[in-house]
Amino acid sequence: MNDDESKALKDFLDEYDKNRQEVNRFILALLQKYSLLQTEVYIILATLVFAALFAALILIFGLP
């Protein structure tokens, strides 16, 4: 392999590694965003369940 081929291969591998890192960052960002959305949904569901239980207790025992 001569110097031109060696340099071309090195450039290709550097570009490949840069693109791979960029794709990994993008995937990680998507996963983090999905995780945050999932956490927000769980918080909203927990709040609704708490409100429903509170409303049921008020209906059963009346207002204090």
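Of all residues in the stretch 6-64, how many are over 14 Å from the mean Cα position of the chain (by Cα) and either of a type in the set (Phe, Trp, Tyr) or part of a helix (DSSP H, G or I) (or both)? Adding up the residues that qualify gives 38. The number of residues in the stretch 44-62 being loosely packed, with under 10 Cβ neighbours inside 10 Å and β-branched (Val, Ile, Thr) comes to 1.
Listed by first and then second residue, the pairs with beta-carbon distance under 7 Å, at least 6 apart or on different chains, first residue in the stretch 1-19 and in contact (Cβ under 8 Å) with a residue 24 or more places away in the chain, second of a type outside the set (Asp, Glu) and outside any helix (DSSP H, G or I), form an empty list.
Read-outs throughout are calculated quantities, based only on the coordinates presented, and are distinct from any laboratory measurement. Predicted, not measured: the structure shown is a model, and the values here were computed from it. Using ideal geometry, Cβ is built from the backbone for each residue, glycine included, and neighbour counts are taken over all protein chains shown.
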